[in-house]
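Reading through the structure tokens given below for one structure.
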Amino acid sequence: MSNEWGPLAGLIGEWEGTGGIDHAFKHSKNIVFDTAYREVCTMKPFGPVENGSQTLYGLDYKSAMWREDEENPFHTEVGYWLWDAATGEVMKGFVVPRGITVLAGGTTTADAKSWTMKAAIGHEQYGIGENRYLAANASSRSYEVTINVGDDSFSYDEVTMLNMKEFDEPFAHTDIHTLRKVRN
Ligand code: HEM
């Protein structure tokens, strides 16, 4: 079964990690700050999805991140990962509940253990949508994520370039984490 999911096969399951690091401008402290976080992520396979002659297989995913003792997560994502075996196109489409949607994409091989997906505001295929407040105050200009799949672990290393009203130059908001599989 897992061949149909190509490089996404190694991401199927339930995942947890406690060593995430988020680098962002924090309004409550008025400084750029590295926040340690724990994360719970589920990836459930589905497919095929047919768009005319295109056949996609995907993962339905949800992820949530908490600071040490918080009850409510400070960041969540819901979305889909998608794989087109005919073209090697791999995508991650998700919503961040600040009012941001992202469809990041790239190409790779079915047996890849590492690949990168990118999105940019205004890009015709792999775009970013954001609400009006964010467009004026903290606009997500680009997003890039590199995935590494291990044995019962995976990691992501992502950079979101923001145009923030607090800074003259684009600001690199980064997140890195390695999660381990807790359930198939
Ligand atoms: C693991 C993933 C992520 C985590 C843990 C995270 C966490 C955070 C945190 C802690 C802040 C600072 C909020 C504050 O205290 O003022 C922030 C700001 C922000 N994040 Fe993320 N973030 C993640 C991914 C993303 C992604 C993928 C995007 C967009 C594609 C994004 C867009 C933003 C924006 C636009 C802000 C600025 C909001 C503002 O200035 O009001 N983040 N994020």
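The residue that is nearest to M117 (Cα to Cα), among those in region 136-163 that are in contact with a strand residue (DSSP E or B) (Cβ under 9 Å, 6 or more places away or on another chain) and aliphatic (A, V, I, L, M), is V145.
Within region 89-113, restricting attention to residues that are free of Cβ contacts under 8 Å to residues at least 40 places away in the same chain and over 19 Å from T160 (Cα atoms), which residue is surrounded by the most Cβ atoms within 10 Å (Cβ to Cβ)? Step through it out loud before you land on a result.
Filtering region 89-113 down to residues free of Cβ contacts under 8 Å to residues at least 40 places away in the same chain leaves 89, 91, 93-99, 101, 103, 105-107.
Applying the additional criterion that residues be over 19 Å from T160 (Cα atoms) yields 89, 107.
Working: E89: 18, T107: 13.
So the residue we want is E89.
Considering region 21-60 alone, what residues qualify as being within 16 Å of the ligand (Cβ to nearest atom) and basic (K, R)? Within region 21-60, K26, K29, R38 qualify. Could you give every pair whose Cβ atoms fall below 7 Å, whose first residue belongs to region 167-184 and is part of a strand (DSSP E or B), and whose second residue is β-branched (V, I, T), counting only separations of at least 6 or pairs across chains? These pairs meet every condition: A172/V159; H173/T160; T174/V159; I176/I21. For region 1-20, the set of residues classified as more than 9 Å from the ligand (Cβ to nearest atom), at pLDDT 95 or above and either of a type in the set (S, T, Y) or closer than 26 Å to E169 by Cβ (or both) consists of T18 only. Name the single residue that is farthest from the ligand (Cβ to nearest atom) among those in region 122-153 being hydroxyl-bearing (S, T, Y) and either at pLDDT below 95 or crowded, with 16+ Cβ neighbours inside 10 Å (or both). Filtering first and then ranking leaves T146. Restricted to region 92-121, and to residues there that are closer than 17 Å to F154 by Cα and within 10 Å of the chain's Cα centre (by Cα), the residue that is farthest from the ligand (Cβ to nearest atom) is M117.
Report yes if K118 is within 23 Å of V182 (Cα to Cα) and touching a Phe, Trp or Tyr at 6+ places or on another chain (Cβ under 8 Å), otherwise no. No; evaluated as a whole, the condition is false for this residue.
The values are calculated or read from the model by the stated rules, or taken from the named source; none is laboratory data. No experiment lies behind these values; they were computed from the predicted model shown. Note that each Cβ is placed from the backbone with ideal geometry, even for glycine, and that neighbours are counted across all protein chains shown.
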